[in-house]
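Comments concern the structure below.
The values are calculated or read from the model by the stated rules, or taken from the named source; none is laboratory data. For clarity, every value in this text was computed on a predicted model and none was experimentally measured. Because the Cβ atoms are built from the backbone with ideal geometry, glycine has one as well, and the counts that use them run over all protein chains shown. All accessible areas refer to the heavy atoms of the entire protein, side chains included, with ligands and DNA or RNA removed. Shrake-Rupley method; radii C 1.70, N 1.55, O 1.52, S 1.80 Å.
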Amino acid sequence: MSKHLALIVDDEPDIRELLELTLGRMDIDTRSAANLAEAQDWLVKQHFDICLTDMRLPDGNGIDLVRHIQKQELNIPTAVITAYGNMESAVEALKAGAFDFVSKPVDLKVLRNLINSVMKLGDDFPEHDRRSRESLLGESQVMCNIRSTIGKLARSQAPVYVSGESGTGKELVARLIHGKGPRADSPFVPVNCGAIPSELMESEFFGHRKGSFTGAVSDKDGLFQVAAGGTLFLDEIAELPMHMQSKLLRAIQEKAVRPVGGQQEVPTDVRILSATHKDLGKLVGEGLFRQDLYYRLNVIELNVPPLRERREDIPLLARHFLQQLAEQGQGLNHSLDEQALRALGNYTFPGNVRELENILERATALCENNVITPQDMQLPELPADSGSTAPAESLELEPGAVPLDTYMDKVEKEALIKALEQTRYNKTAAAKLLGITFRALRYRLKKLGLE
């Protein structure tokens, strides 16, 4: 008796036979149903490890079956077989809770990869230990909800769009989704879409063949090939130029890429996660981002809140970062005095968790007797020679007087100007003072019209 059991639902006998033979060679027993009613009968009689269903059935469709399985809480990963090019149905199935989809005509290699991923989701799927730096810390309700959601998303292959401000931990969330899922033992490949020159993007993403352009002295795999079997994390996806958006859409839909200079498409097996700090929906409305690509990437959206919206987590995060710094600094243990902790609680953190880490790293270098005071942290909203935790007078605004975004831009602009003035407009020194990278400083100056 084989270890696994699959339910195949299709009204075409030859398709059922093809799937039965393919799964049989993988040592998986199968049961078949020609319609939705038969499938539901089988689900009552037996437990299945996976379900493969055609989209179009005589008495309903595959999405109906996905929803039935979800409603009954049967915990059966379900893949939907869709018509070629029918991405709307595929996305709808994923949103309904399908594990993944396969397009007709069924590519058996793609199908086997999918089955192998599902089989790793069994009860014996190992828990992967992660170091504390790769943990999503916080006891606020919103962070508890995010950790619970990550656990659910890890058991799917649906594309996830991670939204949130810079520094909130979007890449960490993506790594956890990957690390808790069946692809954990395969590569996690992050790529900053804004850091690749436009003319090199196609080669970087899809690879190239020797001689395809000047300097192509050998074949080179692209990011899709490097991430084979794993996860490709597209950070700052909003920075993709329009010509690459269309090529990326095709690669995702076809699950194949064509290297520059290549004559044939190469099948790919990657899960796509994406992120940006920008409002993608707004960019779609402005015609700066393709709606069909947005629809394909944003099957499930997971928003990571800014630190100012979960202030109760600041003490825990601060202790965590100080402990890390102590481990790196040969056992020196630093602590925050009450005024410093209160100052952090009142600070708006435009750079979010990343900024908190940088502030504490700077403070440990400046403090005396291993006790951090407000002066040591040099928060941009606080005068460097004052222990007061009140915001600077120029930032006092009537509640509701201006939109939050406008207020935050004002806070950030004044912090940047102050840092530049303190460093005599040395941008490298200003970035260090603010606890951000030089590249991040340039981006913020440009965004706020200060460049």
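Restricting the stretch 71-89 to residues that are under 19 Å from Leu36 (Cβ atoms), touching a Lys or Arg at 6+ places or on another chain (Cβ under 9 Å) and of a type in the set (A, V, I, L, M, F, W, C), which is most open to solvent (accessible area, probe 1.4 Å)?
The selected residue is Ala83.
Show the residue pairs that are 6+ apart or on different chains and have beta-carbon atoms under 6 Å apart, the first residue being within the stretch 52-78 and touching a residue at least 40 places away in the same chain (Cβ under 8 Å), the second being hydrophobic (A, V, I, L, M, F, W, C) and assigned to a strand (DSSP E or B).
That search, which allows pairs on different chains as well, returns Leu52/Ile8; Leu52/Ala79; Thr53/Val9; Thr53/Val80; Asp54/Ile81; Gly62/Val80; Ile76/Cys51; Pro77/Ile50.
Here are some residues: Glu327, Glu361, Glu338. Which one is touching a residue at least 40 places away in the same chain (Cβ under 8 Å), open to solvent by 10 Å² or more (accessible area, probe 1.4 Å) and either among the acidic types (Asp, Glu) or farther than 29 Å from Cys144 by Cβ (or both)?
On the way: Glu327 fails: touching a residue at least 40 places away in the same chain (Cβ under 8 Å); Glu338 fails: touching a residue at least 40 places away in the same chain (Cβ under 8 Å).
Sole residue among the options that is touching a residue at least 40 places away in the same chain (Cβ under 8 Å), open to solvent by 10 Å² or more (accessible area, probe 1.4 Å) and either among the acidic types (Asp, Glu) or farther than 29 Å from Cys144 by Cβ (or both): Glu361.
Out of the stretch 7-16, which residues are at pLDDT 95 or above and either open to solvent by 50 Å² or more (accessible area, probe 1.4 Å) or within 13 Å of Ile115 (Cα to Cα) (or both)?
Leu7, Ile8
Please work out which residue is most open to solvent (accessible area, probe 1.4 Å), limiting yourself to the stretch 149-169 and to residues that are within 19 Å of Leu121 (Cβ to Cβ), modelled with pLDDT of 90 or more and not in a loop (DSSP other than H, G, I, E, B).
Thr149
What is the residue count in the stretch 184-205 for residues that are touching a Leu at 6+ places or on another chain (Cβ under 8 Å) and open to solvent by less than 40 Å² (accessible area, probe 1.4 Å)?
Of the stretch 184-205, the ones touching a Leu at 6+ places or on another chain (Cβ under 8 Å) are 189, 191, 193, 201, 204-205.
Pick out the ones that are also open to solvent by less than 40 Å² (accessible area, probe 1.4 Å) and you get 189, 191, 193, 201, 205.
Selection size over the stretch 184-205: 5.
For the stretch 44-141, which fully contained helices (runs of 4 or more DSSP H) count at least 1 residues that are at pLDDT below 90 and more than 19 Å from Ile8 (Cβ to Cβ)?
Output list reads 87-96.
Check Glu286, Glu236 and return the single one that is under 20 Å from Glu165 (Cβ atoms), open to solvent by less than 50 Å² (accessible area, probe 1.4 Å), among the charged types (D, E, K, R) and out of contact with any Asp or Glu (no Cβ under 9 Å at 6 or more places or on another chain).
Working: Glu286 fails: open to solvent by less than 50 Å² (accessible area, probe 1.4 Å).
Glu236 is the lone residue from the list that is under 20 Å from Glu165 (Cβ atoms), open to solvent by less than 50 Å² (accessible area, probe 1.4 Å), among the charged types (D, E, K, R) and out of contact with any Asp or Glu (no Cβ under 9 Å at 6 or more places or on another chain).
One line per residue, one yes/no per condition, for (1) of a type in the set (Val, Ile, Thr); (2) assigned to a helix (DSSP H, G or I); (3) in contact with a strand residue (DSSP E or B) (Cβ under 6 Å, 6 or more places away or on another chain):
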| residue | (1), (2), (3) |
| --- | --- |
| Lys282 | no, yes, no |
| Asp292 | no, yes, no |
| Glu301 | no, no, yes |
| Pro350 | no, no, no |
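Consider Ala440 carefully, then state whether it is farther than 26 Å from Ser335 by Cα, small (Gly, Ala, Ser) and at pLDDT below 85. So that I can check it myself, show each step before the final result.
Working: farther than 26 Å from Ser335 by Cα: yes; small (Gly, Ala, Ser): yes; at pLDDT below 85: yes.
It is true that Ala440 is farther than 26 Å from Ser335 by Cα, small (Gly, Ala, Ser) and at pLDDT below 85.
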